Amino acid sequence: MFSHCEGYRIEGGVTDGETNWNNNFNQNNNNNDNNKVMASIYKQQFYGKPHKTFMSLSSPNGPILVCIKKVGNSSDDFYLLVCTEKGFEEVRANKDSLQKSKTTRSFLKMRPTSLNVITSVRPELTKVPLCKVTDKSIQEELVKVCEPEFNKVIKSALLYCKESQRDDNDMLKNISSNVSQEYNDFLNFLGEKVELKDFSKFNGGLDIKNNSHGTHSIYSQINDVEVMYHVATMLPFFPSDPKQSERRKLISLDRVVIIFNDGSKPMSPNCIKSKSTQIIILIQPIKNFVGNSKTTIGISNDENRVVGEQPSPSLTTTTTTTTTTSPTINSNSPTPSNKIKYRVSISNRDEVPNYGPPLPDPPIFEKDDSFRNFLYQKMVGGAASLRNTPAFTSKNSEKASALINVISKYSTKGMEQI
């Protein structure tokens, strides 16, 4: 399904699979830590919860910020987050493990202060003028800095590819009135069609106020991970723009891309002309197994005005949605037929670390919950693994600069010298 291309690692290839293949795989054998999706340490442990924040511009490690809180009902255990321009470090400490200081508090067997705990686990800060931050607005600043790019939310591009198309220049020109039944069925299978206006969950950067990114999109959630798809055929289409620049602005920023390929020829991994794109999941329906399921869609007003584009004859259009501005996918469609199968191939840039779950051999899936879960887990594992790529590492330096800016800002206000 993917042709060989220098600079890319391919999973799945163009291997033909047996039609009676069973796609059960043992996920317990996958010990790749990249599959562990953690919420932001700061947001999970400190944001909006009782804790104290200390900072200094002049520590041996440069500007430093330390958040500390008591753990559980006991005040004998402490949890610290130490932030410097080199990164973030979690530290756990117990009162009994702290260095004994010859102070009145220790002689009286009083509980240690936050400063006692900090200097005990980080002795190099003993003579550093740490100040306590009393301005609670710092929490909003820190959550923006500390929130990792891939935690419990993922945004992914989703493109439709016709038989004769070979790259994103072609694929971005596709509109919902001229796609295959298999593609519409796949959208129904992948997630829930949601209205973007005032959407309260993860929006993936889509406009939820003015419909500048269309009126609807595809959203899904598995366990506590939310996925918002940038579905190219559901984004506004501008006939006068051959490059479809507005669609490209969103799609080109996504690191994980899904391509639904109705073609039969192998595709090149560099079919997406974007430096941000690191992982492409190519999905091809095995049409010999497609059932007779039907999907009802509506055609947007913009698409009806496109000269020369007619609705696909296999699709039924509604007469009650003439005022809609995006395709309407019937969310109450019956359970997909088990006869429908997909062949999967995955392209990764060479610098992307290995991640799971692995593609089975042959890489063929039935259209069922097992396949849907595999896709989610593959996106989660891939997104997490990207933290170790050069593209993401460069963002760490930006994050360090942002942290220093926060420390500098709050060093002049809302500080209590201790």
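No value in this document is a laboratory result; all are computed from the given coordinates. Please read all numbers here as calculations on a predicted model, not as lab measurements. Virtual Cβ from ideal backbone geometry, glycine too; neighbours counted across all protein chains shown.
Some points to look at:
- Computed from phi, the 3J(HN,Hα) profile of region 350-362 under the Karplus parametrisation 6.51, -1.76, 1.60 (θ = phi - 60°) reads 4, 7, 6, x, 5, 8, x, x, x, 5, x, 10, x Hz, with x in place of Gly and Pro.
- Two-site FRET efficiency, residue 368 against residue 265, from Cβ-Cβ distance with R₀ of 25 Å, rounded to 0.05: 0.35
- Of the trypsin sites (Lys or Arg not before Pro) found in region 198-272, those in coil by DSSP whose Cβ has at most 14 other Cβ atoms within 10 Å are 201, 209, 243.
- Each residue of region 185-200 was assigned a 3J(HN,Hα) from its phi angle through the Karplus expression (A = 6.51, B = -1.76, C = 1.60, θ = phi - 60°), giving 4, 5, 4, 4, 6, 5, x, 9, 7, 10, 7, 6, 4, 6, 5, 8 Hz with x at Gly and Pro.
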